[in-house]
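Report on the structure given below.
The values are calculated or read from the model by the stated rules, or taken from the named source; none is laboratory data. Just so you know, these numbers come straight off a predicted model, no measurement behind them. Cβ sites come from the backbone with ideal geometry, for glycine too, and all protein chains shown count toward neighbours.
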Amino acid sequence: MKKNLKKLSSLSLVLALVFSLSVSAFAADISADRAKEIALGKAGVAAEDVLNLRAKLDYDDGLKYYEVDFLVPQADGSYLEYEVEVGAANGKVYDYDVDREGRANVKAEPKAEAKPKAEVKKQVVNGGDIGLAEAKKAALAHFGLNEADVKFVEAKKDYDDGVLVYDFGFAKGYEVKYSCEVVAANGLVKDAEREVVRGFFDKVELFFEVLVYALLNRKS
């Protein structure tokens with residue numbers, strides 16, 4: 001009798017586990033509208049302040065997610081283009097990229113105070129230089145991070161279409177990799193990207209990038 005009770009108890013536990021897993025597997029995904037809300041919240045903007053807000057389902061290595069895209073007009077006539085990956089099952093933000101576009105294929109009138117692109121670039125090139133330390137602060141602040149939270153893999157001066165910029169790359173816990181450019185003249189952050197590091201070998205590669213940077217930039 002006791003053996004039969006034990007068998008029944010074990011069978012009940014197995015059935016309960018199977019039922020629990022089945023419920024989780026067939027749980028409803030979040031809606032496209034909810035994915036848009038999450039993406040806008042991550043960017044810190046309201047729906048009425050963006051253009052071309054779209055969300056489409058996609059898959060990556062078996063992961064089902066919404067790719068949410070939208071444009072945010074800027075005072076100088078350019079646009080910030082956002083691409084946010086939101087998990088369909090849990091609403092988690094897996095990837096978050098921001099790029100600055102001088103021109104965008106949208107139905108929007110340029111603002112009256114916007115200056116021609118060439119003129120803006122000339123002003124930037126002829127401007128000053130905020131320095132590496134301030135540029136680094138601007139890069140970290142853009143992603144809401146502190147220097148103590150990350151490990152750098154790149155921090156250097158460069159030129160982008162004649163504009164002096166600082167190139168940055170840094171990682172947080174070998175799980176997320178960030179990169180961006182900071183305009184030396186005014187601290188403007190552009191071409192910002194956030195990448196979730198998923199694979200084991202990608203994490204190993206990132207580890208060695210951090211190690212090489214640390215060795216090359218260690219203070220004597």
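Starting from residues that are part of a loop (DSSP other than H, G, I, E, B) and farther than 25 Å from Lys137 by Cα, keep the ones in segment 190-207 and report whichever is farthest from the chain's Cα centre (by Cα).
Initial filter on segment 190-207 (part of a loop (DSSP other than H, G, I, E, B)): 197-199.
Right, trim to farther than 25 Å from Lys137 by Cα and you get 198-199.
Numbers: Arg198: 14, Gly199: 17 Å.
By that ranking, first place goes to Gly199.
Residue by residue, here is whether (1) among the aliphatic types (A, V, I, L, M); (2) at pLDDT below 90; (3) touching a strand residue (DSSP E or B) at 6+ places or on another chain (Cβ under 7 Å) holds:
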residue: Lys117; (1), (2), (3): no, yes, no
residue: Lys121; (1), (2), (3): no, yes, yes
residue: Ala133; (1), (2), (3): yes, no, no
residue: Lys136; (1), (2), (3): no, no, yes
residue: Lys219; (1), (2), (3): no, yes, no
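Scanning segment 172-187 for residues that are closer than 14 Å to Ala141 by Cβ and touching a Leu at 6+ places or on another chain (Cβ under 8 Å), we see that the one that is surrounded by the fewest Cβ atoms within 10 Å (Cβ to Cβ) is Tyr178.
Annotation: Asp191 fulfils all but one of (1) loosely packed, with under 14 Cβ neighbours inside 10 Å; (2) on the phi > 0 side of the Ramachandran plot; the unmet one is (1). Is there any pair linking a residue in segment 25-39 that is at pLDDT 90 or above to one that is surrounded by 10 or more Cβ atoms within 10 Å (Cβ to Cβ) and assigned to a loop (DSSP other than H, G, I, E, B), with Cβ under 8 Å and at least six apart or on different chains, and which? From residues that are at pLDDT 90 or above, the pairs are Arg34/Gly91; Ala35/Ala88; Ala35/Gly91; Ile38/Ile30; Ile38/Gly91.
Of the residues that sit in segment 157-183 and are among the charged types (D, E, K, R) and outside any loop (DSSP other than H, G, I, E, B), which one is modelled with the lowest pLDDT? Don't jump to the end; show me each part of the working.
Here is the first cut: in segment 157-183, the ones among the charged types (D, E, K, R) are 157-158, 160-161, 167, 172, 175, 177, 181.
Keeping just the survivors that are outside any loop (DSSP other than H, G, I, E, B) gives 157-158, 160, 167, 172, 177, 181.
Details: Lys157: 89, Asp158: 87, Asp160: 80, Asp167: 93, Lys172: 90, Lys177: 90, Glu181: 91.
Of everything passing the filter in segment 157-183, Asp160 is modelled with the lowest pLDDT.
If I filter segment 32-82 down to residues being of a type in the set (Asp, Glu) and assigned to a strand (DSSP E or B), which single residue comes out as nearest to Arg198 (Cα to Cα)?
Kept after step one, since they are of a type in the set (Asp, Glu), are these residues of segment 32-82: 33, 37, 48-49, 58, 60-61, 67, 69, 76, 81.
This time we only want the ones that are assigned to a strand (DSSP E or B), so: 58, 60, 67, 69, 81.
On the way: Asp58: 17, Asp60: 11, Glu67: 17, Asp69: 22, Glu81: 24 Å.
Step by step, filter segment 32-82, then rank; the result is Asp60.
Taking the conditions exactly as written (closer than 22 Å to Arg194 by Cα, modelled with pLDDT of 85 or more and not in a loop (DSSP other than H, G, I, E, B)), does Gly91 satisfy them or not? No; evaluated as a whole, the condition is false for this residue. Residues that are touching a residue at least 60 places away in the same chain (Cβ under 8 Å) and among the basic types (Lys, Arg) within segment 136-190 comprise Lys151, Lys190, listed in sequence order.
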